[in-house]
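First comes the structure, then the notes that go with it.
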């Protein structure tokens, strides 16, 4: 079930900074967000698909849709077009762990203080390489960790 508490502002804050940085057009993103907001959120279904890509690479697809037949058809077509094949649900699930990953530039942060505060906020792992912190958290608290890391950075 889609999260009805997730507002359009919250979603656009997550999605729109990336296209701006990469100089992509914003209209397709805004159109997709608005289309999703217009639909009754109770009618949206979250589903997963599993399969193998070229050379046996395991692929796990998460989708939110209002038409499950169209979605499974599209996912199957992408697998077939690129030399893969869809598997049965549960056939690859054991290979994956759901995690939240944040990448934060060190900037003017004190690395030791930032590291301690992020660990206290519930991070599972934190690495500092080439001026970037890579923070790993549990998937379930992604939004909470996003807010806490934002508070620590400021």
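Just to be sure I understand the model, the point goes 7 Å from the Cα along the line to the Cβ. What's the resulting residue 43 to residue 91 distance in nm? The answer from the label model is 3.2 nm. For the pair residue 57 and residue 34, the difference between a 0.36 nm per residue extended length and the Cα-Cα distance amounts to 4.9 nm. Roughly how many Å is it from the Cα centre of the stretch 59-101 to that of the stretch 105-144, as a whole number? Here the answer is 30 Å between Cα centres.
Quick note: the coordinates plus some simple rules give every number you see, no bench work behind them. The model shown is predicted, which means the values in this text are computed figures rather than measured ones. Neighbour counts are summed over all protein chains in view; Cβ atoms, including those assigned to glycine, are modelled from backbone coordinates with ideal geometry.
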